[in-house]
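Colleague: Handing you this structure, nothing more for now.
The values are calculated or read from the model by the stated rules, or taken from the named source; none is laboratory data. Keep in mind it's a predicted model, so treat the numbers as computed, not measured. Note: ideal-geometry Cβ built from the backbone for every residue, glycine included; neighbour counts use all protein chains shown. Accessible surface is based on the protein model in full, side chains and every heavy atom, while ligands, DNA and RNA are left aside. Shrake-Rupley method; radii C 1.70, N 1.55, O 1.52, S 1.80 Å.
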Amino acid sequence: MQIKPYRIGYRTLKTALGMTLAVILSQLIGLDNYASSAILVVLCIKDTRIKSFEAAIYRFIACFIAIMIGSVFFTYLGSTPIILGIMVLLFIPVTVMVGVQEGIVTSCVIILHLYMAKTIDFHLIINEILLLIIGIGIALIMNMFMPSLDHKLNQYKRKIEDDFIIITFVFSEALKDPNKKINTPSFDQVSQNIKKAKSLAFREVKNHFVRNENSYYHYFDMRQEQLSLLKRMKNLIESMQHSNHAHYLCSELMLDVSQNVQSKDYSLMRLHSLYEIKIKLQSIDLPRTHEELESIAALIQLLNEVEEYLLIKSQFGSLKK
């Protein structure tokens, strides 16, 4: 078992502060079982604002159902372990049916309060509702404070772009010399970074109530599509055993692509250069050997892949922050 370094995260700070405020407020009001408000805070702290808001609604509804069912069961059937089990047996399917099963654990806190109470009266029900309002309310307030993920997203963006620059530059060099080994950054690692970045971008969307999309997510999705094309390009370049003037032209194009990975509006200019190379290919001498034929065929396919690569970028446009 590997021991991770000790650290206090942002969520930990919010949980600790929320628990403290919930207990203090519950004590000031004079609520029974005031410590339970801290448990409600812990259960309701989430990673994003939207998740927190949804969790608060689901938990409040589930707890309200628990109060109604528990009051009836424990008042008329008695507070015994068997009745508790039967009550939970009925309660859980009801929450699933209503779609608030996320609040089952929170509701168990309320159910146990009702179970342990000597009498279930109006005072007890008001006490439980106030505990819910304080615990869930403070957790909701704590979750309004979410750190911006823009810095991390930009770090991923720069790292992925740097890898793309290296990959396309290596491709450019390899087109000049078919015998040169293609040493690029690990495609699996680049793919992993893109997946992590997309996950982070999706989380950022969930931190905003009025925003339902994130251009960062679409940006990383675009890079993921391009990465698939780069993998195919590598296979095509590795299959080439011969190079001629057309390969040098394509090498210059790849160098241009490499130098403009971070540019916002380079795609159309590169596409123009690519179409010029395709026109020149129509007037080159016919291949004289099998190796030349295979290399030219691979080059034509490579140009198609580069065209698709550039079209994907041109359709995306630029990153809107």
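Colleague: Within a Cβ distance under 14 Å of GLY103, other residues only, what is the Lys/Arg minus Asp/Glu net charge?
Modeller: 0
Colleague: Helix 290-316: angle to the longest alpha-carbon principal axis of the chain, degrees 0 to 90, nearest 10?
Modeller: Between the helix axis and the principal axis of the chain, the angle is about 40 degrees.
Colleague: Output the Cα-based Rg and Dmax of the range 93-184 in Å, rounding Rg to one decimal and Dmax to a whole number.
Modeller: Rg then Dmax for the range 93-184, in Å: 28.9, 87.
Colleague: Got a sec? Charge dipole of the range 77-228, +1 on Cβ for Lys and Arg, -1 for Asp and Glu; which of LEU124, ILE160, LEU112 is way out at the positive end?
Modeller: The residue sitting farthest along the positive end of the dipole is ILE160.
Colleague: Order GLU54, GLU305, GLU252 by their accessible area, 1.4 angstrom probe, all chains in place, largest first.
Modeller: Reading off the accessible areas and sorting them downward yields GLU252, GLU54, GLU305.
Colleague: Related question: For mean projected area of the Cα convex hull in nm², the listed values are [x] 18.0; [y] 23.7; [z] 30.6; which was obtained by calculation from the structure presented?
Modeller: Read-out from the structure maps to [y].
Colleague: Shifting gears a bit: With a 1.4 Å probe and every protein chain left in place, work out the accessible area per residue of the chain in Å², rounded to a whole number.
Modeller: For the chain, the solvent-accessible area averages 56 Å² per residue.
Colleague: Measuring from centroid to centroid over Cα atoms, what is the spacing of the range 1-42 and the range 109-142 in Å?
Modeller: 17
Colleague: Using a 1.4 Å probe on the protein chains only, how many percent of the accessible area of the range 1-127 belongs to carbon and sulfur?
Modeller: 71
Colleague: Placing +1 at every Lys and Arg Cβ and -1 at every Asp and Glu Cβ, with all other atoms neutral, what dipole size does the range 122-179 have around its Cα centre, in debye to the nearest 20?
Modeller: For the range 122-179, the charge dipole is close to 100 debye.
Colleague: Could I ask something else about it? If I take R0 = 30 Å and measure r between the Cβ atoms of GLN189 and LEU13 in this structure, what FRET efficiency does the formula 1/(1 + (r/R0)^6) give, to the nearest 0.05?
Modeller: For R0 = 30 Å, the calculated efficiency reads 0.40.
Colleague: Could you give the angle, 0 to 90 degrees to the nearest 10, between helix 245-259's Cα long axis and the longest principal axis of the Cα atoms of the chain?
Modeller: Taking Cα atoms only, the helix is inclined about 30 degrees.
Colleague: In nanometres, what is the gap between the two model label sites at GLU54 and LYS152, each 7 Å from Cα along Cα-to-Cβ?
Modeller: Roughly 1.9 nm, to one decimal.
Colleague: What size of dipole, in debye to the nearest 20, comes out for the chain about its Cα centre when the only charges are +1 on Lys and Arg C-beta atoms and -1 on Asp and Glu C-beta atoms?
Modeller: The calculated dipole for the chain is roughly 820 debye.
Colleague: If one takes the longest principal axis of the Cα atoms in the chain, at what angle in degrees, from 0 to 90 and to the nearest 10, does the Cα axis of helix 10-29 lie?
Modeller: For 10-29 against the chain, the angle is about 20 degrees.
Colleague: Quick one: which of LYS157/LYS181; LYS14/LYS195; LYS195/LYS313; LYS51/LYS313 span more than 22 angstrom between C-alpha atoms?
Modeller: Beyond 22 Å: LYS157/LYS181; LYS14/LYS195; LYS51/LYS313.
Colleague: Give me the mean projected area, in nm² to one decimal, of the convex hull enclosing the Cα positions of the range 131-188.
Modeller: 5.9
Colleague: Compute the whole-percent fraction of alpha carbon pairs in the range 109-258 spaced more than 23 Å apart.
Modeller: 59
Colleague: If you don't mind, another one. Could you tell me which residue out of GLY78, CYS63, MET240 lies farthest along the dipole of the chain toward its positive end? Charges go on the beta carbon: Lys and Arg +1, Asp and Glu -1, centred on the Cα centre.
Modeller: So the residue we want is GLY78.
Colleague: What translational diffusion coefficient, in µm²/s and rounded to a whole number, does the Stokes-Einstein relation yield for the range 27-165 at 37 °C and a viscosity of 0.692 mPa s, taking the hydrodynamic radius as the Kirkwood radius over Cα pairs?
Modeller: My calculation gives 196 µm²/s for D.
Colleague: Here's something else I'd like to know. Suppose every K and R has +1 on its Cβ and every D and E has -1 on its Cβ; what is the size of the dipole of the range 76-187 about the Cα centre, in Debye to the nearest 20?
Modeller: With only Lys, Arg, Asp and Glu charged at Cβ, the dipole is about 320 debye.
Colleague: Output the relative contact order of the chain, whole-number percent, from Cα pairs under 8 angstrom with separation of 6+ residues.
Modeller: 18
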